[in-house]
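Single-structure report; data block below.
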Amino acid sequence: MDIRTIGVVGAGTMGNGIAQVFAQAGFTVRLVDVAQPMLDRARASIEKSLAKLVERGRLSAADRDASFSRIDCATKVDALGDADYVVEAIVENAEAKRGLFTSLDALTEPHTILASNTSSISITVLGAATKRPDRVLGMHFMNPVPLMSLVELIRGHATSDATMQTAAELCARLGKTGVEAADYPGFIANRVLMPMLNEAFYAVMEGVGTPDAIDTVMKLGMNHPMGPLTLADFIGLDVCLAVLTVLHEGLGDPKYRPCPLLRRMVAAGQLGRKSGRGFYVYA
């Protein structure tokens, strides 16, 4: 399949990172968000990220300028009518995603593949909201997208082999490694990661150790590059709660039950780096 134009819906941290890597790989990118200020912040973030790559010698100034010029922004999904491939990167909410997929299905050409960057929500459910479930898959990028090489490729119940192959080929063009995962809650990455983070939340709540002590043990004792609580703040505590809720509801195992401390922190607006305060305070 000849893919030239990529649509990205959602201009948050993940969305702007996804837009950047596709633009760097030579694709025409249309980045869509309902709020113009989000798009303005996304363009500033992409410009800053590209500048850092130039500073580190990983990108030439000419390639930086060319990449940035390939990204157009819009506040309506109508701009994606001729996109060959669309990646959804909106809030981690099943109903919001289903509604968007129904809209994209009606708007885009029949050949267009619709991918979700969801980290936990069923691809089968999203595909069922369209008339093209064979062309719907999960494409779960890791944060920060420009630097992390892994992409989970999730096959829904009706996803075709051709769709999975196209996604795998796109990953290769982006310089990333695509790994296929089955459509179970949390897929591979969060099925394994979130119970560890949740246990760290319980350890803080129960006074087993301070956030710094817990992170230090995991970094120095287990050789993790980042402690679990620092990582949770980086991901966003609201996102952690959403993923754990999907895991708990989908699998029923008590080990996925979100820690009460996590629920309280999210209710209080302490979401991690994005809010300036989580298990740590950020300037």
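Dividing the summed helix terms, -39500 (n - 2.57) for each DSSP H run of n ≥ 4, by the number of residues in the chain produces a 222 nm estimate of -15000 deg cm²/dmol to the nearest 500. Residues in the range 2-17 carry Karplus couplings, in order, of 8, 10, 10, 10, 10, x, 10, 10, x, 9, x, 4, 6, x, 6, x Hz; the curve used is 6.51 cos²θ - 1.76 cosθ + 1.60 with θ = phi - 60°, and Gly or Pro positions show x.
Under a model in which nothing but the beta-carbon of Lys, Arg (+1) and Asp, Glu (-1) is charged, the chain shows a dipole of about 480 debye around its Cα centre. Among the protein heavy atoms, those of residue 107 account for about 50 Å² of accessible surface (1.4 Å probe, every chain in place).
For residue 111, the accessible surface of its heavy atoms amounts to roughly 70 Å² (probe 1.4 Å, protein chains only, rounded to the nearest 10). Taking a ≥ b ≥ c as the square roots of the eigenvalues of the Cα gyration tensor, the range 1-115 is classed as prolate, since a/c reaches at least 1.5 and a/b is larger than b/c.
Close amide H contacts of residue 277 (hydrogens built in the peptide plane, cut-off under 5 Å, sequence separation of 5 or more or a different chain): 271, 272, 282.
Taking every protein chain into account, the accessible area of the range 135-283 amounts to 48 square angstrom per residue (probe 1.4 Å).
Charge dipole of the range 110-235 (Cα centre as origin; +1 on each Lys and Arg Cβ, -1 on each Asp and Glu Cβ, all else neutral): 480 debye, rounded to the nearest 20.
The trypsin sites (Lys or Arg not before Pro) of the range 1-51 that DSSP puts in a loop, and whose beta carbon has at most 14 other beta carbons within 10 Å, are 4. Please label the shape of the range 78-163 as rounded, prolate or oblate, based on the square roots a ≥ b ≥ c of the eigenvalues of the alpha-carbon gyration tensor (a/c under 1.5 means rounded; beyond that, a/b larger than b/c means prolate, else oblate). Rounded, because the longest to shortest axis ratio a/c is under 1.5. With both residues required to sit in the chain, DSSP beta bridges show an antiparallel share near 20%.
Computed from the C-beta positions of residue 34 and residue 157, the FRET efficiency with R₀ = 41 Å rounds to 0.85. For the residue pairs 48/274; 97/176; 76/176, the alpha carbons lie more than 20 Å apart in 97/176; 76/176. Each residue of the range 56-71 was assigned a 3J(HN,Hα) from its phi angle through the Karplus expression (A = 6.51, B = -1.76, C = 1.60, θ = phi - 60°), giving 8, x, 9, 8, 7, 4, 5, 5, 4, 5, 5, 4, 4, 6, 7, 9 Hz with x at Gly and Pro.
Sorting 131, 76 by accessible area puts them as 131, 76; the probe is 1.4 Å, largest comes first, and only protein heavy atoms count. Computed from the alpha carbon positions, the gyration tensor of the chain leads to an equivalent ellipsoid with semi-axes of 31, 23, 17 Å, biggest first.
Here the Karplus relation 6.51 cos²θ - 1.76 cosθ + 1.60, evaluated at θ = phi - 60°, turns the backbone of the range 196-204 into coupling constants of 5, 4, 4, 5, 5, 4, 5, 5, 5 Hz, with x for every Gly and Pro.
Given +1 at the Cβ of Lys and Arg, -1 at the Cβ of Asp and Glu and no other charges, the dipole of the range 1-81 around its Cα centre is 200 debye to the nearest 20. Among the protein heavy atoms of the chain, carbon and sulfur supply 54% of the accessible surface, probe 1.4 Å, non-protein parts ignored. Given their separation in residues at 0.36 nm each and the Cα-Cα distance between them, residue 142 and residue 208 gain 20.8 nm when the chain is fully extended.
The values are calculated or read from the model by the stated rules, or taken from the named source; none is laboratory data. Since the model is a prediction, treat every value here as computed from it, not as a measurement. For neighbour counting, all protein chains shown are included, and Cβ atoms are generated from backbone atoms with ideal geometry for every residue, glycine included. Keep in mind that these areas ignore ligands, DNA and RNA; they rest on the heavy atoms of the full protein, side chains included. Shrake-Rupley method; radii C 1.70, N 1.55, O 1.52, S 1.80 Å.
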